[in-house]
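Structure record follows, encoded as structure tokens.
The values are calculated or read from the model by the stated rules, or taken from the named source; none is laboratory data. Since the structure is predicted, the reported quantities are computational estimates derived from the model, not experimental observations. Note that each Cβ is placed from the backbone with ideal geometry, even for glycine, and that neighbours are counted across all protein chains shown. Accessible surface is based on the protein model in full, side chains and every heavy atom, while ligands, DNA and RNA are left aside. Shrake-Rupley method; radii C 1.70, N 1.55, O 1.52, S 1.80 Å.
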Amino acid sequence: MGHPIITNKFIVTFISVLLFLRTESTQPPFSCDSSNSNTSSFPFCNNSLPISQRVNDLVSRLTVDEKILQLVNGAPEIPRLGISAYEWWSEGLHGVSRHGKGTLFNGTIKAATQFPQIILTASTFDENLWYRIAQAIGKEARAVYNAGQLKGMTLWAPNINIFRDPRWGRGQETPGEDPMVVGKYGVAYVRGLQGDSFEGGKLKDGHLQTSACCKHFIAQDMDTWNNFSRYTFDAHVLKQDLADSYEPPFKNCVEQGKASSVMCAYNLVNGIPNCANFDLLTTTARGKWGLQGYIVSDCDAVAIMYTHQGYAKEPEDAVAATLRAGMDVNCGSHLKKYTKSALEKQKIQESDIDRALHNLFSVRMRLGLFNGDPRKLEYGDISAAAVCSQEHRALALEAARNGIVLLKNSDRLLPLSKMKTTSLAVIGPKANDSEVLLGNYEGYPCKNVTLLQGLQGYVENITYHPGCDFTNCTSAAIDEAVDIAKKADYVVLVMGLDQTLEREKLDRTELGLPGMQERLVTAIAEAASKPVILVLMCGGPVDVTFAKDNQNIGGILWVGYPGEGGATALAEIIFGKHNPGGKLPVTWYPKEFNKIPMNDMRMRPVSSYGYPGRTYRFYNGPKVFEFGYGLSYTNYSYSFASVSKNQLHFKNPKVNKVTKHSSVLNIAVSDVGLEVCNNGMITVKVAVKNGGEMAGKHPVLLFLRHSNTVDEVPRKTLIGFKSVNVEAGANTHVTFDVKPCEHFTRANRDGILVIDEGKYFLLVGDEEYPVTVFV
């Protein structure tokens with residue numbers, strides 16, 4: 001049999017098909033293709049019309065069945081209208097992530113810049129840095145989308161739950177325990193990711209580079225503890241704590257950050273599932289805070305109202321409860337399965353669906369996904385070259401450098417001399433593992449470098465031993481590790497946790513170093529010829545009192561999960577190329593705190609019951625390290641250069657008298673009036689002196705303390721922070737605008753923000769400045 005004849009025409013056709021397939025495979029999903037004459041004339045494709053008008057037109061053209069299919073995260077295409085498929089679920093906590101269903105690293109882009117896990121980035125207390133990181137993530141997300149490897153431009157980050165309990169496995173994802181810090185982080189992240197300016201207000205007609213989602217709304221900060229699970233936990237939260245601890249980060253994220261999404265959490269709060277709470281989603285988030293965007297359930301949160309919580313008696317009741325509460329899209333399949341029957345049973349109306357679709361399609365249009373090929377529009381020129389760019393990788397290194405916290409430095413052991421250090425022993429189960437540096441919700445890093453490899457760039461003669469086979473350290477090769485340590489000039493011990501011990505769905509059961517790590521560290525420190533350096537890699541705090549008190553352990557560094565630049569950053573700090581300046585964004589509690597029930601949501605102490613409270617604002621028990629603690633290779637000193645007022649007067653007939661519910665005379669902020677609030681602003685100028693021999697960057701933290709020490713009043717509150725560079729021997733000034741109606745407030749038992757009468761103290765370092773409030 002002869003071979004078939006292949007003509008030139010066939011070859012041309014074959015090549016054309018290949019080119020078409022290649023184009024199709026790399027084309028990002030979008031609607032309103034201008035080359036499609038059947039659909040481009042629809043009003044919803046006319047980008048000169050207001051988005052609300054375009055959305056109304058689009059929704060009016062959908063059948064009921066088409067509408068229902070758009071209510072889940074994996075929204076299918078609608079070919080007859082030229083509407084593309086859309087995947088709502090993508091992640092970008094600290095870099096474009098491999099988690100979620102929207103991102104594919106299977107094309108020309110194989111990786112993305114992985115910044116430090118958020119808990120470490122937060123320790124920089126640098127809002128501008130937070131913003132620049134989010135900008136980079138948003139830009140890289142657009143690049144991945146433009147390359148056809150991202151099926152949606154909605155990233156479900158940031159996580160702005162406060163780190164309430166040190167055992168929480170997801171605390172690593174948060175900016176720490178302080179509501180103000182967490183809120184400011186949320187604002188910086190949202191503005192950076194969405195394409196806004198650092199100051200806000202620069203988004204053109206609400207158009208978005210990428211969409212950010214503030215999660216998990218609200219009071220979700222426990223995954224699994226004893227018999228409690230996040231899926232069924234009913235968090236009993238006091239109005240007081242809701243108002244001044246749990247709500248503020250979300251309020252800031254929406255009001256100031258202009259987030260285009262909020263995710264409602266699995267748990268119930270005071271008997272009502274978050275995703276079925278009309279007061280929370282509609283009255284508060286949309287009404288009071290002005291949310292312009294969509295509300296998404298956490299994944300399968302709708303289904304579990306029926307399957308696990310028993311809140312919904314029928315599957316359709318969960319559909320009705322969530323849609324009527326104001327939720328718009330279900331991560332999961334419950335609405336896909338049961339919305340039609342909910343309609344038929346008259347548990348919902350079609351208008352409930354239309355309301356949700358209006359919010360969903362509005363966000364897709366704000367992202368420019370209904371304006372034709374997005375590669376020809378704004379953000380269309382962001383190419384694959386933006387991913388893993390030198391600029392972004394340098395930013396990841398900067399964040400790790402400035403985040404790492406020096407916890408101990410006896411007799412100025414650190415930094416080590418690169419010239420004089422003859423040999424180094426590096427011991428630890430994860431010291432030669434690069435994946436552990438990333439934390440959770442990670443992506444594929446641009447470059448993998450282990451902590452051991454980072455140190456090898458400074459010392460040629462390095463010996464490594466894991467010490468334990470695994471991080472849980474159920475068994476340890478103590479004798480072998482000790483023998484290696486004895487022969488080295490210096491010893492670096494890399495200990496702590498990893499994602500097998502703290503992560504989503506896994507809270508810790510104890511607060512010390514796991515397994516035999518403490519015994520291993522102590523034995524090596526005893527045997528080494530010089531004091532050893534302990535490097536702690538963990539998201540949540542660990543009780544290392546033993547190391548703090550051990551004179552054979554000369555240095556302690558906390559590195560969190562420092563991202564792809566972490567190895568270089570740690571080596572630079574240990575050998576003095578960089579001066580550490582990070583400060584802890586969480587309290588480090590002693591092991592005994594483990595006795596406190598994790599499901600107790602009260603923030604304030606109850607002295608009569610021996611309940612110590614939570615976070616630095618209220619906790620009255622012993623600490624291993626305080627919130628805001630962090631050393632440096634230089635010595636900083638502070639003084640109050642000037643304070644514009646030392647008295648504040650809020651005379652008003654509506655003063656709240658001392659009662660059995662309040663032992664402090666106060667006035668509601670709502671009764672003060674805007675003019676009085678504005679006139680009461682205090683300008684505080686702090687002088688900062690670097691009295692050492694090394695330049696450094698570090699955050700200046702300004703606290704406020706009331707002289708009354710009753711349980712309901714915070715022990716102290718952070719009211720301002722700014723990161724400053726100070727040359728060796730130099731002086732600088734930092735100015736804070738203190739707003740009494742914001743910074744002097746707390747919530748009373750009814751959840752109303754009040755200002756207490758009495759003497760306050762502004763605190764910076766060891767310095768105090770008194771301010772008296774009269775009401």
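Tabulated results
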quantity: Set of aspartates and glutamates near residue 548 by C-alpha distance (under 15 Å), chain-local residues within fewer than 8 positions excluded; calculated: 411, 518, 526, 626
quantity: Vicinal HN-Hα couplings computed from phi for segment 667-674 (Karplus, 6.51 cos²θ - 1.76 cosθ + 1.60; Hz; Gly/Pro x); calculated: 9, 5, 4, 5, 9, 7, x, 4
quantity: Selection from 443, 417, 429, by position along the positive dipole direction of segment 409-449 (Cβ); calculated: 417
quantity: Around residue 440: net Lys/Arg minus Asp/Glu count, Cβ-Cβ under 12 Å; calculated: -4
quantity: Net dipole in debye of the chain [+1 Lys, Arg Cβ; -1 Asp, Glu Cβ; about Cα centre; nearest 20]; calculated: 900 debye
quantity: Segment 201-268: equivalent-ellipsoid semi-axes (sqrt of 5 x gyration tensor eigenvalues, Cα, Å); calculated: 29, 15, 7
quantity: J(HN,Hα) series, segment 267-277, from Karplus relation 6.51 cos²θ - 1.76 cosθ + 1.60, nearest Hz, glycine and proline x; calculated: 6, 8, 10, 6, x, 10, x, 4, 6, 10, 9
quantity: Relative intensity, log₁₀ I(q)/I(0), of segment 166-284 from a Debye sum that treats every alpha carbon as a point, q = 0.12, 0.23 Å⁻¹; calculated: -0.46, -1.36
quantity: Gain on full stretching of the segment that runs from residue 448 to residue 594 - 0.36 nm per residue minus C-alpha separation; calculated: 49.0 nm
quantity: Separation in nanometres of the label points that stand 7 Å from Cα toward Cβ, at residue 314 and residue 394; calculated: 6.3 nm
quantity: Qualifying GluC sites (Glu not before Pro) for segment 393-458 [loop in DSSP, other Cβ within 10 Å: at most 10]; calculated: none
quantity: Dipole magnitude of segment 591-650 about its Cα centre (Cβ charges: Lys, Arg +1; Asp, Glu -1), debye to nearest 20; calculated: 140 debye
quantity: Mean Cβ neighbour count within 10 Å, used as a protection proxy, ranking 112-125, 226-239 highest first; calculated: 112-125, 226-239
quantity: Under-5 Å amide H pairs with residue 665, H placed in peptide plane, nonlocal only; calculated: 757
quantity: CD proxy at 222 nm, helix term only [per DSSP H run n ≥ 4: -39500 (n - 2.57); per residue of the chain; nearest 500]; calculated: -7500 deg cm²/dmol
quantity: Accessible area expressed per residue, the chain, with surrounding protein chains retained (probe 1.4 Å, Å²); calculated: 39 Å²
quantity: For the chain, Cys with no neighbouring Cys Cβ under 4.7 Å; calculated: 213, 538
quantity: Note, ³J(HN,Hα) from phi for segment 50-56, Karplus 6.51, -1.76, 1.60, rounded to Hz, x at Gly and Pro; calculated: x, 4, 4, 5, 5, 5, 4
quantity: Fully extended contour minus Cα-Cα distance, from residue 373 to residue 234, at 0.36 nm per residue; calculated: 45.4 nm
quantity: Counting all C-alpha pairs of segment 393-510, share separated by more than 25 Å (%); calculated: 31 percent
quantity: Segment 99-199, accessible surface, carbon-and-sulfur percent (1.4 angstrom probe); calculated: 49 percent
quantity: Euclidean distance between Cα centres, segment 496-550 to segment 25-50, Å; calculated: 56 Å
